[in-house]
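The values are calculated or read from the model by the stated rules, or taken from the named source; none is laboratory data. Keep in mind that this is a model prediction, so the values were computed, not measured. Glycine gets a Cβ as well: all are built from the backbone with ideal geometry, and neighbour counts include every protein chain shown. Accessible surface is based on the protein model in full, side chains and every heavy atom, while ligands, DNA and RNA are left aside. Shrake-Rupley method; radii C 1.70, N 1.55, O 1.52, S 1.80 Å.
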Amino acid sequence: FKMYPGRVITKLLCSGEKEVDLAVQSAKAAFKIWSQMSGMERSRVLLEAARIIREQREEIATLETINNGKSIFEARVDIDISWQCLEYYAGLAGSLAGEHIQLPGGSFGFTRREPLGVCVGIGAWNYPFQIACWKSAPALACGNAMVFKPSPFTPISVVRLAEIFTEAGVPKGLFNVVQGGVATGQFLCHHPDVAKISFTGSVPTGIKIMEMAAKGIKPITLELGGKSPLIIFSDCVLENAVNGALMANFLSQGEVCCNGTRVFVERKILDVFTKDVVKRTQKIKIGDPLLEDTRMGALINRPHLDRVQGFIKQAKEQGAEVLCGGDLYVPDDPKLKNGYYMRPCVLGNCTDDMTCVKEEIFGPVMSILPFDTEEEVVERANNTKYGLAGGVFTRDIQKAHRVVAALKAGMCFINNYNISPVELPFGGYKASGFGRENGRVAIEYYSQLKTVCVEMGDVESVF
């Protein structure tokens, strides 16, 4: 593999209405076979897929780095989380069950947990392979088929996942990949044989998908954007808090939906915290993402880089101070000169009404805001249309639990940030979406309950 930022890697044809229908019909045929297999049989196939991913970790991580631009160091973590996700749901597949309810006179009822059918997954470009696993693992564990559409900016690695599922032994067509943009997504959402839609992406697109799904009364899971608060109290372990702020802002070039980009710092430690964050941010190694010591790669594309730069320009116009970074970065390596690089940015002198504080930038831009009291910071933290995540750093465990209980967010972190074990549910409140990925609860979103009532005596008629 070679890395040539700013150049075309490959070209793929967009799937039109005909191709989408073929993919759905193929998945529908595979579903008939897969849904009749036992949970243990499905478990063995998912475990084999996890084994293949684990065995090919380096190759897949390299592919993902080329696909997305993130560092190979981070891509390896993504691939590890991916195979762990498959292993987790393989473990649940054999345990899926209904319940028995005793009724009067020896009669009884029971429930069956049944798959939905053909599910659609629509992925984002920041974690292409991992998101595909987060959606497909619970879907397949429950006995469903899936048609997956990756972002047109990162179309490659999900195709490898489809090959791996086939190698592992799923029926042909059970996990289908279609390529394309808005039109392809619309064909999927409107298709009458699609039973469910799971989408990761922006709020505006999520609204459109919700509208389309409503016309077919299709259940949906929406994992949308965020503008999450990270609250740093003066009684924190400062080094941990600085590390947490960097993890909350600069992973994957800042292109992470749950990033804690509003960093609220208690005024007593504002200066020392800011100084340490700026110092550490300036040391982040930018460059070729395939090099072992690189910690920040290139942004996804030129329009997005321009958009992030526009936010920084507007922040300065509104009175924010650029404490470090924010400018374009040109690596020394000539083959990287056309890459979409920028230096990670820390903004000071920020206020709650600034655009950089209110809107999701989705780039390596941290906004630091001072606060004085717990009550004040909780109110300010919740003053947003989003509700994906939130974090708190403090040594006072009672205060930590008090604050996270008050935060209106689906994912909360105490003395850490951006930790997403597959065992724990992931999802947001308010405009950040609904439904959950990961954890045992995801089974609820990829299955449905059938109730069966059995009469053991004579039927008494009221007529």
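Things to note:
- All of P104, P128 fail the test of being crowded, with 23+ Cβ neighbours inside 10 Å and not assigned by the TED database to the domain that holds C258, apart from P128.
- Residues of the stretch 247-295 satisfying the condition of being of a type in the set (A, V, I, L, M), under 25 Å from the mean Cα position of the chain (by Cα), outside any strand (DSSP E or B) and crowded, with 20+ Cβ neighbours inside 10 Å: A248, L251, V256
- Of all the listed residues (N349, N382), the sole one being among the polar types (S, T, N, Q), open to solvent by 10 Å² or more (accessible area, probe 1.4 Å) and under 28 Å from the mean Cα position of the chain (by Cα) is N382.
- Check on A97, buried (at least 22 other Cβ atoms within 10 Å of the Cβ) and not polar (S, T, N, Q): no
- Checking G319 against (1) more than 28 Å from the chain's Cα centre (by Cα); (2) farther than 30 Å from E59 by Cα; (3) open to solvent by 90 Å² or more (accessible area, probe 1.4 Å), the condition it does not meet: (3)
- Flag for K385 being out of contact with any His (no Cβ under 9 Å at 6 or more places or on another chain), touching a residue at least 12 places away in the same chain (Cβ under 8 Å), within 29 Å of L305 (Cα to Cα) and not hydroxyl-bearing (S, T, Y): yes
- Within the stretch 433-446, residues that are at positive phi reach partners that are part of a strand (DSSP E or B) and open to solvent by less than 50 Å² (accessible area, probe 1.4 Å) with beta carbons closer than 6 Å, at six or more positions or on different chains, in the pairs G433/L222; G433/E223; G435/T221; N438/F426.
- The residues listed here are G143, G98, G121, G109; of these, the one that is within 29 Å of E74 (Cα to Cα), touching a residue at least 24 places away in the same chain (Cβ under 8 Å), not in a helix (DSSP H, G or I) and not aliphatic (A, V, I, L, M) is G121.
- Condition check for T166: over 22 Å from I9 (Cα atoms) and open to solvent by 40 Å² or more (accessible area, probe 1.4 Å): yes
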